[in-house]
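The values are calculated or read from the model by the stated rules, or taken from the named source; none is laboratory data. The structure presented is a predicted model; accordingly, all values stated were derived computationally and were not measured. Ideal geometry is used to build each Cβ from the backbone, glycine not excepted, and the neighbour counts take in all protein chains shown. Remember, those area values only see protein heavy atoms, side chains included, never the ligands or the DNA or RNA. Shrake-Rupley method; radii C 1.70, N 1.55, O 1.52, S 1.80 Å.
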Amino acid sequence: MRDTINVKNPATGETVKEVSVTSSSHIKKAIEQGNEAFKTWSKVNAHQRSALLKEWSAKIKSETEYLAEVMTLESGKPLKESRGEVAYAASYIDWYAEEAKRVYGRTIPSHTESKRIIVTKEPVGLVAAITPWNFPAAMMTRKAAPALAVGCTFIVKPAEETPLTTMKLVSLAHEAGIPEDVVQCVNGYGEDIGPIFTDSPLVRKITFTGSTPVGKLLMKNSAATMKHVSMELGGHAPLIVAKDADIDFAVNQVLASKFRNAGQTCICANRVLVHEDIAKVFSEQLISRVAQLNVGNGLDESTDVGPVINAAGYEKIDSQIEDAVGKGARVLYGHQYDKDEEKGYYFVHPTVLENVGEEMDIMQEETFGPVIPLSTFRENDQAVEIANNTPFGLAAYFFTNDYRNGIYFQEHLKFGILGWNDGAPSAAHAPFGGMKESGIGREGGPEGIEPYVETKYLSIGGIQ
Ligand code: ADP
């Protein structure tokens, strides 16, 4: 195992901090401690757990500026987005602090006078979380908050690119009074730590946000000890603009969906399908708005689009654009890079491609970059067929003011999250998650509690 992680600023390539890798013996010890702490934490009453979560959220909000700056330094996202993510991360804790008090059971009318049937919910046990670099705060809290709320203990391994935000969140949890063994952070490389989590029978649940191949591996490795799993994996969101859509509004929403975090979110609009009658007007308006976006260091308040995370991210984007252009796509805007391979920073300028077809990689693979491929359709069923032609099923968007179109899309798109005239559908009180190879389970809302509880059924007999 490597000893350190060199956390780099994606905007400059400079080292932000060296972070020690947690040794495998320490990780195993953390698992034992988490398992031991479960015995007491699961017995703490729900109102007290709720109060501790609220205190944690308050501490996070009071440290917004510090957290946002750290997040921007390690992830590259613009400061205004980092501030937004801190608020978003805290909103999960606020929501689940309330939900902690509402983990209800059931009584079931019995089939005989001599029996009573009672159903209770119990925390699953120690939870191990593996989180990605693109939302280093929110992906942690939307797992930790429901886990802690119901009485689970929690160990998180943040992405090696962005451990600093998560480490600060965990230390704020301790300052808030949540015991140290109840929420722990271990650092290291995924391929080293993943097997330690999955091999341990003490870890009862793995919750993961990241790429589909790693999610599949974790699921497979969790089978030996039959762990619970929640998987929030890749996406390849289609965005359909119907003939009757409000074009100006749709363009605004495409911008909001596509360029957040430089296109590096799993629900970014990746395939924009526009009705052929409005395609020209739409692309003209889109380009005029894209041209106004500022590309730069996220620490600069005027930046709209920061760097992409690393060389691998840049290379994937570049190869998708090259592939599309090689197969007949036209560059309407962008296709420009500011990069320094030696220093290690990569800025991809917002890019719009038209005449994009399904045979191109960009229509088949998740993009994770600020590139909009435009394609056209004539009939709704054609748009839906293209949209559903992917192994992913996370988010999809459609823009129409005709309720018949809207209902058609709602009923036929095979995605877990739909935005109808809405390019930003995420909220702590709503179930986020995907179908097909985009994952299993939901995060947020009451559905987000379910993956952290077991159902226990009690049948009492012999009643006179
Ligand atoms: P990305 O390619 O966007 O970095 P990954 O799925 O590789 O997405 O990374 C998301 C998280 O998964 C990170 O915390 C990373 O360390 C972790 N990870 C990567 N490979 C593995 C693995 N083999 N086992 C467990 N976790 C892994």
*Which residues, taken from the range 347-398, are free of Cβ contacts under 8 Å to residues at least 60 places away in the same chain, in contact with a Pro (Cβ under 7 Å, 6 or more places away or on another chain) and not hydrophobic (A, V, I, L, M, F, W, C)?*
THR351
*asked:* Tell me the residue from GLU359, GLU385 that is assigned to a helix (DSSP H, G or I) and either at pLDDT 95 or above or not assigned by TED's automatic domain parsing to the domain that holds VAL308 (or both), please.
replied: GLU385
*Condition check for GLU322: more than 16 Å from the ligand (Cβ to nearest atom), among the acidic types (Asp, Glu), part of a helix (DSSP H, G or I) and under 16 Å from VAL251 (Cβ atoms)*: no
*Top-ranked residue in the range 357-378 [being in contact with a helix residue (DSSP H, G or I) (Cβ under 8 Å, 6 or more places away or on another chain), open to solvent by 10 Å² or more (accessible area, probe 1.4 Å) and within 16 Å of the ligand (Cβ to nearest atom); ranked as farthest from GLN264 (Cα to Cα)]*: GLU365
*Do you know which of the residues in the range 314-346 that are in contact (Cβ under 8 Å) with a residue 60 or more places away in the chain and under 27 Å from the mean Cα position of the chain (by Cα) is nearest to ARG271 (Cα to Cα)?*
TYR346
_Tell me yes or no: at least one residue of the range 320-327 is closer than 30 Å to THR209 by Cβ and touching a Phe, Trp or Tyr at 6+ places or on another chain (Cβ under 9 Å)._
no
*asked:* Against the definition (farther than 29 Å from SER438 by Cβ and over 28 Å from the mean Cα position of the chain (by Cα)), how does GLU276 come out, yes or no?
replied: no
*Kindly list the number of the only condition in (1) open to solvent by 40 Å² or more (accessible area, probe 1.4 Å); (2) β-branched (Val, Ile, Thr); (3) free of Cβ contacts under 8 Å to residues at least 60 places away in the same chain that fails for ILE118.*
(3)
*So, in the range 52-78, of the ones that are of a type in the set (Gly, Ala, Ser) and open to solvent by 40 Å² or more (accessible area, probe 1.4 Å), which residue ends up farthest from TYR92 (Cα to Cα)?*
SER62
*Filter result for the condition that a residue is in contact with a Pro (Cβ under 6 Å, 6 or more places away or on another chain), of a type in the set (A, V, I, L, M, F, W, C), more than 16 Å from the ligand (Cβ to nearest atom) and outside any strand (DSSP E or B), over PHE259, PHE282*: PHE259
*Say whether the condition of being without any contact (Cβ under 8 Å) to a residue 24 or more places away in the chain and open to solvent by 10 Å² or more (accessible area, probe 1.4 Å) is met by at least one residue in the range 132-150.*
no
*In the set GLY298, GLY328, which member is open to solvent by less than 70 Å² (accessible area, probe 1.4 Å), outside any helix (DSSP H, G or I), closer than 30 Å to ALA242 by Cβ and more than 16 Å from the ligand (Cβ to nearest atom)?*
GLY328
*asked:* Step by step: first the residues of the range 181-207, then only those that are away from the ligand (no atom under 16 Å from the Cβ), in contact (Cβ under 8 Å) with a residue 40 or more places away in the chain and assigned to a loop (DSSP other than H, G, I, E, B), then the one that is surrounded by the fewest Cβ atoms within 10 Å (Cβ to Cβ). Which residue is that?
replied: LEU202
*Do we have TYR346 as of a type in the set (Phe, Trp, Tyr), open to solvent by less than 70 Å² (accessible area, probe 1.4 Å) and assigned to a helix (DSSP H, G or I) here?*
no
*For GLN410, indicate whether it is open to solvent by 70 Å² or more (accessible area, probe 1.4 Å) and within 30 Å of HIS111 (Cβ to Cβ).*
no
*In the range 110-153, how many residues are within 16 Å of the ligand (Cβ to nearest atom), within 30 Å of VAL308 (Cα to Cα) and outside any loop (DSSP other than H, G, I, E, B)?*
10
*Tally time: how many residues in the range 213-250 are surrounded by fewer than 18 Cβ atoms within 10 Å (Cβ to Cβ), away from the ligand (no atom under 14 Å from the Cβ) and assigned by TED's automatic domain parsing to the domain that holds GLU450?*
4
